[in-house]
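See below for the structure under consideration.
The values are calculated or read from the model by the stated rules, or taken from the named source; none is laboratory data. Predicted, not measured: the structure shown is a model, and the values here were computed from it. A quick note on method: Cβ atoms are made from the backbone with ideal geometry, for glycine too, and the neighbour counts reach across all protein chains shown. With ligands, DNA and RNA removed, areas are computed over all heavy atoms of the protein, side chains included. Shrake-Rupley method; radii C 1.70, N 1.55, O 1.52, S 1.80 Å.
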Amino acid sequence: ASVYAQDMSVIPKVIYGEDNRVDVADSNNPLFIKLAMSTAAQIDKSKLTIRGSDAILSFESLENGMGVCPTEKFAAQNSIARCSGFLIAKDLLVTAGHCVRSQQECDKYAWVFDYREGEVNDGKLPSSSVYSCKKIIRQALDPISEADYALVQLERKVKDRKPLKFRKNGSPEVGDELVVIGHPSGLTTKISDGAQVIENGADQYILTNLDTYGGNSGSAVFNATSGAIEGILVRGAKDYVYDWQQGCYVSNVCETVGGAGCEGEEVSRISKVKLGNVTGFIGFIKRLFGLL
């Protein structure tokens, strides 16, 4: 495992071919920019200070925090996020199961929207973008079935952005184009497209060649055409390797999926999480008691 996996207790990822990660502000795809609004970063509450209408963020560059080379992409950017997540109802967020193993762990972290370049360059963002975990509604982390997901209820409704659409049944096809939006290595929000479904035979997950790292765990993986979520980024190959000449870490680059260190990135099928039943039931109860 990479240094990130060891230090941050998340599963490493990797770059396949050309590095397709871009900041939200640098994306030329309006659909991807819109989808990014409803994704969130999991950040330790000790790295956030609420002062009235502002949330003040700690700063630790990717270079200083992880020992990457100064020439590494995004080396000077803030990298304090731990995992990623995304909104599927007004107060419901989905992430990887290994990102919230217990209620105590869930309570320790905030879910932060708008943690992206252009929004946090002054070291702060609106406190209204910061949410706490109320409770874990459903969680799975099963080494046998390889299910890895969690459904978290936030402590209040998110009113300034829309829940995302997700696949409720069926399956993507091999070759379908994918895009992932999340926080590689804890960085501010990155959009990474140019990937496909590589294998589709496993029951709980699909295999892809997405450019992802530790910190992308819990990221929404979208169908690049429809914008619907296909799954949750949960596992992958080694993300950094040590460059002995430079004395620092660089991204592990694979030309294709296959071979040691280039095994591909696994995405939990969101259709297996049965999120539609949960959101439908909660909505029914709220309507029944006139809470909507």
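Structure notes:
- Relative contact order (%) - criterion: Cα under 8 Å, at least six apart; region: the chain: 25
- Accessible area (Å², per residue) of the chain, counting only protein heavy atoms and a probe of 1.4 Å: 43
- Taken one residue at a time, the phi angles of region 178-185 give Karplus couplings (6.51, -1.76, 1.60, θ = phi - 60°) of 10, 9, 10, 10, x, 10, x, 6 Hz. Gly and Pro are set to x.
- Net charge of the neighbourhood of residue 172, taken over other residues with C-beta under 15 Å away and scored Lys/Arg +1, Asp/Glu -1, is -4.
- Candidate values [x] 19; [y] 25; [z] 28, label of the one derived for percent of Cα pairs over 32 Å apart: [x]
- Straight-line cross-link reach from residue 108 at under 17 Å between alpha-carbon atoms covers these lysines, not counting any fewer than eight positions away in the same chain: 45, 47, 134, 135.
- Over region 1-148, the hull volume per residue, using the convex hull of the C-alpha atoms, is 151 Å³.
- Amide H contacts under 5 Å for residue 138: 151, restricted to partners 5 or more places along the chain or on a different chain, H placed in the peptide plane at 1.01 Å from N.
- With at most 15 neighbouring Cβ atoms within 10 Å, loop GluC sites (Glu not before Pro) (DSSP) excluded, longest segment of the chain: 61-154
- Point-to-point label distance, residue 28-residue 174, nm (Cα→Cβ direction, 7 Å offset): 3.2
- Percent accessible area from carbon and sulfur atoms, the chain, protein chains only, probe 1.4 Å: 50
- Phi-based couplings in Hz for region 201-207 (Karplus 6.51, -1.76, 1.60; Gly and Pro marked x): x, 6, 5, 9, 8, 10, 9
- Cα centroid separation, region 63-106 to region 135-195: 12 Å.
- Solvent accessible area, Å² - residue 242, 1.4 Å probe, full protein context: 90
- Remark: the residue 241-residue 104 segment gains 46.0 nm on full extension, using 0.36 nm per residue and subtracting the alpha carbon distance.
- Seen from every direction in turn and averaged, the convex hull around the alpha carbons of region 87-226 projects onto 9.0 nm².
- For residue 92, the amide hydrogen comes within under 5 Å of the amide hydrogens of 154, counting only partners 5 or more places away or on other chains and with H modelled in the peptide plane.
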